[in-house]
Amino acid sequence: MALGVDETSSSAEPDAGVKPVRDVRRQAWGERLALVMAGWRRGTSGVAIAIAGVGVLAVTTVNVLSELHDGRRIGVPVPPVPAFAYEYTSGAGILLAFCLVAPLARLRPGQLGWPRFLAVHLAGATAYSAVHILAMVGLRHLVWALVGRSYDFDFGADWLYEYRKDLISYVLLSLIVVFAPRRPPRTAALPEEVRLPDGRRAARFPAELIEAAEACGNYVELKLADGARPLVRATLAAAEAELAPYGFVRTHRSWLVRADRVTALAPTGAGDHLVTLASGLSAPLSRRFPASLATLRERLDR
C-alpha cells in the first residue's frame, strides 16, 4: 500500500526496455557469455586470489628447494639464483593468467550446454597458457638481461611442454574459484520507504514489503509481501532506477525482483528460468538477462 504521495515536476520517461531479438539462435551465444562479464563486475573472490597466490608461492618454492636438494644429492650443485628466477617467473605468469581467466570458472554446464561449456574452457585454458608463457618468457628476458645474459625459449618445442602442465593448473585454479567464499554483491541498506514516480507525483511505499515489480501497460504493479498490488503510473525503467540500488534486478523485459527475496530458480527450457520469491510469488527470468541469472545463482549458492 502507498504511504503517501509527493508532488514533483518530472514526468515519466519513455521505457527503454529491452529491444526484441530478431535472431535468438544467432545471439544466444553472445548473450550467455555475458555471464563472464557479470563475473568480472562482481569480482573474483579475494579469498580465491589469496589461496591461489599462497598455493603458487608454496609450489614454486618447494620446486626450487627440491631442485637444489637433488643437485647436492647427486653431486651437481644447482646455482640458487637462476633456480629461483626460473620458478618465480613462471609463478608470476600463472597468477597473471589466473586473474584474467578466473571468471570463466563461474560458468556452469547448464548455462551454456556441455559442448559450449567445454569449448569455452578449452579456449580459456589455451588463453591461460598463452598468457602464462608470454609473461614468464618476458620476465625471464628482463631478469637475464639485468645480469648480462640472454634467455632463449623455443616456442615450437617448449610450448607443448608448458601447455600440458598449464592444463592441470588451470583446472586446479578453477576449482579454487568455484569453492572459495565469494563476497556478496554490494547493495544499499533498505530504507524504511522508497519513493517511486507516479505520473507527475511520487508515491511512497514500505521498502521491506516490495518483492517485485511488473510492467502493466503504462503502469508498474508492485508485488508486496503482504499481498497488496498497488499500481503507479511509471515505466519499469524509471522504477528500476529507484529500486536497483537496493538489490532489485531486471529478470525480464517486464519484471524486476528483489534478489534477497529469491528462494529458488527452476529452468523452464531454452535458457529461461522461473524465479520463486519468499512469499511464494513466481516471476520469469529470461535468458536475455544472464547477469541477473548469475547474481541470483550466486546468492542461492551462499
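The values are calculated or read from the model by the stated rules, or taken from the named source; none is laboratory data. These numbers come from a predicted model, not from an experiment. Neighbour counts are summed over all protein chains in view; Cβ atoms, including those assigned to glycine, are modelled from backbone coordinates with ideal geometry. Each accessible area value is taken on the protein alone, full model and side chains, heavy atoms only, with ligands, DNA and RNA left out. Shrake-Rupley method; radii C 1.70, N 1.55, O 1.52, S 1.80 Å.
Points to keep in mind about this one:
- For the range 263-295, a tally of residues being open to solvent by 30 Å² or more (accessible area, probe 1.4 Å), over 20 Å from residue 215 (Cα atoms) and of a type in the set (S, T, N, Q) returns 2.
This table checks each residue for (1) β-branched (Val, Ile, Thr); (2) without any contact (Cβ under 8 Å) to a residue 40 or more places away in the chain; (3) in a loop (DSSP other than H, G, I, E, B).
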| residue | (1), (2), (3) |
| --- | --- |
| 130 | no, yes, no |
| 135 | no, no, no |
| 143 | yes, no, no |
| 165 | no, yes, no |
| 173 | no, no, no |
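- Applying the set (1) open to solvent by 70 Å² or more (accessible area, probe 1.4 Å); (2) under 19 Å from residue 174 (Cβ atoms) to residue 120 leaves exactly one unmet item: (1).
- Some residue of the range 251-259 being free of Cβ contacts under 8 Å to residues at least 24 places away in the same chain and out of contact with any Phe, Trp or Tyr (no Cβ under 6 Å at 6 or more places or on another chain): no
- Screening 106, 140 for residues that are surrounded by 15 or more Cβ atoms within 10 Å (Cβ to Cβ), basic (Lys, Arg) and more than 20 Å from residue 47 (Cβ to Cβ) leaves exactly one candidate, 140.
- Answer residue from the range 74-94, given it is free of Cβ contacts under 8 Å to residues at least 60 places away in the same chain and closer than 14 Å to residue 54 by Cα and is least open to solvent (accessible area, probe 1.4 Å) among those: 91
- Strands (runs of 3 or more DSSP E) fully within the range 207-302 counting 3 or more residues that are more than 28 Å from residue 114 (Cα to Cα) and more than 25 Å from the chain's Cα centre (by Cα): 210-216, 219-224
- For the range 112-143, filtered to residues that are of a type outside the set (Val, Ile, Thr), over 21 Å from residue 156 (Cβ atoms) and more than 20 Å from the chain's Cα centre (by Cα), the residue that is modelled with the lowest pLDDT is 115.
- Matching residues, the range 145-163, being over 16 Å from residue 91 (Cβ atoms) and part of a helix (DSSP H, G or I): 145, 146, 155, 156, 157, 158, 159, 160, 161, 163
- Failed criterion for residue 181 (all others in (1) surrounded by 15 or more Cβ atoms within 10 Å (Cβ to Cβ); (2) touching a residue at least 12 places away in the same chain (Cβ under 8 Å); (3) of a type outside the set (Gly, Ala, Ser) hold): (1)
- Condition met for residue 52 (modelled with pLDDT under 95 and under 33 Å from the mean Cα position of the chain (by Cα)): yes
- Flag for residue 44 being over 13 Å from residue 169 (Cα atoms), open to solvent by less than 40 Å² (accessible area, probe 1.4 Å) and modelled with pLDDT of 95 or more: no
- Within the range 224-262, the set of residues being among the polar types (S, T, N, Q) and at pLDDT below 95 comprises just one member, 235.
Residues checked against (1) in contact with a Cys (Cβ under 9 Å, 6 or more places away or on another chain); (2) open to solvent by 40 Å² or more (accessible area, probe 1.4 Å); (3) over 30 Å from residue 103 (Cα atoms):
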residue: 208; (1), (2), (3): no, yes, yes
residue: 224; (1), (2), (3): no, no, yes
residue: 229; (1), (2), (3): no, yes, yes
residue: 244; (1), (2), (3): no, yes, no
residue: 260; (1), (2), (3): no, yes, no
residue: 297; (1), (2), (3): no, yes, no
residue: 300; (1), (2), (3): no, yes, no
